[in-house]
Structures are given as structure tokens and as C-alpha cells.
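What follows is one structure encoded as C-alpha cells, with my remarks underneath.
The values are calculated or read from the model by the stated rules, or taken from the named source; none is laboratory data. Computed from a predicted model, the values in this text were never measured in an experiment. Note that each Cβ is placed from the backbone with ideal geometry, even for glycine, and that neighbours are counted across all protein chains shown.
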Amino acid sequence: MLIKAAVLRGIKDITCQKLHAPKAQADEEMIRVASAGICGSDVDRVFGKGAYHYPIILGHEFSGYRMRDNKKVVVFPLIPCMKCSMCMIGEYASCLDYNYYGSRTDGGFREQIAVKKWNIIEAPDESDTEALAMAEPAAVALHAIDMLGIKVGQSILITGAGPIGMMLGQWAKISGAHKIYFSDIDNRKLDFANEYGFLAYNGEAVDAAVEGVGVSSSLVLCLEALKPKGGLVLMGNPIGEINLSQNEYWHILRKQLTLRGTWNSTYNKFRNEWQVAVDAIASGVLDVKPLITHRFGLEDCERAFKVMYDRTEFVNRVMFSIG
């Protein structure tokens, strides 16, 4: 049987192809992919730093149907080695020898995929598959917000008003934040954030911040905005060198700030942020469907990536509608 897939063959070389459908191994299940979101890291692999190898099928944010029972599911994309010291304590996001659907091995930009049974999270029958495809950034955002320990009535600044920023804001609101500020160089994104009830940053001192861009100026803004004893989570993947002047560094010392890094999400038997995210999406507590601004079929994969890369029109989440 042949299936459609968006195949990356090199920098700026992505095309829809017909491939043989994969076959599940004993520890895997076959998934019919319904929806798959394009992450900023996918765009960088197509137009920037490239992939680990070629050809490869990208896509680590996807939902679908388990083919043996038609159950709606999402997939935790990280495949831990289950042998290293971090895996032994359930810290799979810090695995020392991991694999990953959509970056190190073929992912979800295709009609069918075989995935490890361990990586599958079942979703309620009434769930929307497009919304479920955003479970990955929702879980990542939840992980970052939980690190801040936001208290009821506190204020927060989030730099970067893209899809994950919008989810950060919603989780912050759920956690009790009273004022949720955003900073972004694109005023269209700030206008969009305002539709969620979020505010454009106005210079007010805040209790907490999430740096979600990965550039020096964004980090500096957070350091300057934080109140003494404030908390900062560093989330944005660095685009280049991150530099601080002496005066900017003083903010960390004199305000006695708490800085933490965040990576991926927690997925183990003691804490499953993916299940929390899936349940919040399914119930509507986390409102992610309005974040989808563009939808494409796999046959339009080149155009879908170009829309995200060119940024000539307002783009939030670009979604592949597959099956």
C-alpha cells in the first residue's frame, strides 16, 4: 500500500511523495495521522540548519487514530533509550541517547506512521483532532509555566506571541496570573494576543517572565522587567550568541532573580503533562483551535512551509489536514 508523505530531501527541498506504508513492530502501533502542525523548528530544518539526515519525514506535533480500534490518540515524540541514568529516574526529556519522531527518525507528516506503544496517549472520543495536534506545544508550555510556581494575582511577561506563547499565556491564566503581558516585534501577533485578553507589555514591573524568543534583547527585556525576587524561565531556542552587558547582568544579582531553563515536558508514571494537556484541550479549558491560521494538504507542503518562512502574512499555527 502506498501513502502520501512530505519528504525533506535537502535544504529547501521538501515535496509530497508516495511511499510504501510502514509496518508496525511488536512494540508499535499503526496510527492513521489526522492532523499535524508545523513547528518553528521544522521550518529551520527546511530553510536553515537542515536535518540530521536525508531523506526524512518531519513532524513531531500530530494526532490521529490508532488503526486497530480507531481510538483518537496523540504521540509523545521523544523515544528514550530506557538505559541511561536519566531514564532510570523517569527524566526522559534529559535522556542521554534518545531518538525523536520528526527530527532523528521519520515523523508525522504522512498518512500513516508506526509508533512505540509507550509513546501513545489516548484522547477522549469527543476531542477535535486538529486541536489534539497541538498537545506537544501545550505540554511544553505547561512544563515551563509550572516551573515558575505562579501565585494567584501575580503578573507575568512572555516574550514571543506565537502559538506556544499563546499557550503559555493560557496556562498562566489557569494558574492564577492576574496580568499577562506579551512582547513581540510583530504587532499583528500582539493584536492577536489581545483577542485572548492578553496585554501588550507597557513597562510595568512583573513577578515572573518566560523568555520565549532566544535572542539577547528578549532576555534583557525580561531581566529589566522583573521585580526583585522574581522568577525567569528560559525557553526560547537560541538563534545565535546570547550576550549580556555588565549592567544587564547586574539585574540578576541585585534583584536576586531565580533563573531556570526548561526543556520539553514531563512524561512518566508520576507526572504526565501530556495527559494534562490532552484533557485540557479536550474539555476546552485550553482554547487552541483559534491559533490555527492556515491549513494545507500534504500535497501543498512546499507552500505551507513557504508561508511560515516568508512571514508576508499573519501566521500563527500552520496545520496539515491529512485524514
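Name the single residue, out of those in the stretch 43-63 being small (Gly, Ala, Ser) and over 17 Å from ALA138 (Cα atoms), that is surrounded by the most Cβ atoms within 10 Å (Cβ to Cβ).
ALA51
Checking ASP279 against (1) buried (at least 18 other Cβ atoms within 10 Å of the Cβ); (2) outside the structural domain of ILE174 (by TED's automatic domain parsing), which single condition isn't satisfied?
(1)
What number goes with the only condition from (1) of a type in the set (Lys, Arg); (2) at negative phi; (3) in the same structural domain as GLY165 (by TED's automatic domain parsing) that ARG317 does not pass?
ARG317 satisfies all of (1) of a type in the set (Lys, Arg); (2) at negative phi; (3) in the same structural domain as GLY165 (by TED's automatic domain parsing) except (3).
Has the stretch 60-77 got at least one residue that is at pLDDT 95 or above, among the acidic types (Asp, Glu) and within 25 Å of ASP300 (Cβ to Cβ)?
The answer is yes, given that some residue of the stretch 60-77 is at pLDDT 95 or above, among the acidic types (Asp, Glu) and within 25 Å of ASP300 (Cβ to Cβ).
Residues ALA282, ALA277: which one is closer than 14 Å to GLU61 by Cβ, of a type in the set (Gly, Ala, Ser) and in contact (Cβ under 8 Å) with a residue 40 or more places away in the chain?
Of the residues listed, the single one that is closer than 14 Å to GLU61 by Cβ, of a type in the set (Gly, Ala, Ser) and in contact (Cβ under 8 Å) with a residue 40 or more places away in the chain is ALA277.
Sort through MET147, MET167 and tell me the only one that's of a type in the set (A, V, I, L, M), closer than 24 Å to GLY107 by Cβ and touching a residue at least 24 places away in the same chain (Cβ under 8 Å).
Just a single option satisfies the conditions, and that option is MET167.
Of the residues that make up the stretch 6-18, is at least one surrounded by fewer than 17 Cβ atoms within 10 Å (Cβ to Cβ), within 22 Å of ARG311 (Cβ to Cβ), free of Cβ contacts under 8 Å to residues at least 40 places away in the same chain and among the charged types (D, E, K, R)?
The answer is yes, given that some residue of the stretch 6-18 is surrounded by fewer than 17 Cβ atoms within 10 Å (Cβ to Cβ), within 22 Å of ARG311 (Cβ to Cβ), free of Cβ contacts under 8 Å to residues at least 40 places away in the same chain and among the charged types (D, E, K, R).
Just checking, does the stretch 116-135 include any residue being buried (at least 19 other Cβ atoms within 10 Å of the Cβ), closer than 21 Å to THR262 by Cα and among the hydrophobic types (A, V, I, L, M, F, W, C)?
yes
Looking only at the stretch 265-275, decide whether some residue is modelled with pLDDT of 95 or more, assigned to a helix (DSSP H, G or I) and in the same structural domain as GLN154 (by TED's automatic domain parsing).
no
When you go through LEU234, LEU223, LEU253 one by one, which is the residue that is under 30 Å from ILE89 (Cβ atoms) and assigned by TED's automatic domain parsing to the domain that holds ASP186?
Being under 30 Å from ILE89 (Cβ atoms) and assigned by TED's automatic domain parsing to the domain that holds ASP186 holds for just one of LEU234, LEU223, LEU253, which is LEU234.
Here are LEU96, LEU157: which of them is out of contact with any Ser or Thr (no Cβ under 6 Å at 6 or more places or on another chain) and not assigned by TED's automatic domain parsing to the domain that holds TYR201?
One residue alone meets the criteria, LEU96.
Would you be able to tell me the number of residues in the stretch 289-322 that are surrounded by fewer than 16 Cβ atoms within 10 Å (Cβ to Cβ) and of a type in the set (A, V, I, L, M, F, W, C)?
1
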